[in-house]
Amino acid sequence: MNPTVGIAVILTVLQAAHCQMIKDLSACLLGQSLRVDCRYENKTSNPLTYEFSITKDNRKHVIHSTISVSENIYRSRANVTMHKNLVCLYLQSFTTSDEGVYVCELKATNDYTGNQIKNITVIKGEM
């Protein structure tokens with residue numbers, strides 16, 4: 001085996017071991033606010049990027065993100081906090097028009113294994 005190829009294979013395997021794995025996604029109502037908790041297994045100290053979105057009518061709407069631009073209708077109502085192994089989305093003034101499939105997407109900087117994605121269906125009367 002070519003030594004250069006061997007080193008590339010080893011680096012690829014080591015890099016794959018650094019991914020962030022989403023362990024759990026949950027949602028709850030706190031008064032009129034929705035809270036979505038995205039728990040993950042921390043396998044690296046690399047910076048973490050995230051995106052919370054909602055799928056409604058077969059269309060993705062970005063609520064809050066460090067990966068892409070959030071939609072205007074959510075900017076004033078949404079915020080995110082990050083704690084050890086937990087990224088929380090808070091959406092103020094939650095109504096039935098905010099129901100849908102919520103998605104949490106995480107990616108560690110310099111992680112080439114792809115983004116980790118989980119989703120949860122949120123319906124106001126079923127929470």
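The values are calculated or read from the model by the stated rules, or taken from the named source; none is laboratory data. Every value quoted in this text rests on a predicted model; they were computed, and no experiment measured them. A quick note on method: Cβ atoms are made from the backbone with ideal geometry, for glycine too, and the neighbour counts reach across all protein chains shown. With ligands, DNA and RNA removed, areas are computed over all heavy atoms of the protein, side chains included. Shrake-Rupley method; radii C 1.70, N 1.55, O 1.52, S 1.80 Å.
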**Fill in**
Taking only the alpha-carbon positions of the range 22-122 as identical scatterers, the Debye log10 I(q)/I(0) at q = 0.17, 0.23 Å⁻¹ comes out as -0.72, -1.30
**Fill in**
Carbon/sulfur accessible area of the range 22-122, % of total, 1.4 Å probe, equals 47 percent
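Report the calculated FRET efficiency for residue 115 and residue 79 (r = Cβ-Cβ distance, R0 = 25 Å), to the nearest 0.05.
0.70
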**Prompt:** What whole-number value in Å² describes the accessible area per residue of the range 22-122 for a 1.4 Å probe?
**Reply:** 53 Å²
**Message:** Greater than 23 Å separation of Cα atoms is the criterion. Which listed pairs, 56/84; 84/124; 60/118; 43/84, meet it?
**Reply:** 56/84; 84/124
**Theoretical gain in end-to-end length, residue 124 to residue 26 [0.36 nm per residue, Cα-Cα removed]** = 33.9 nm
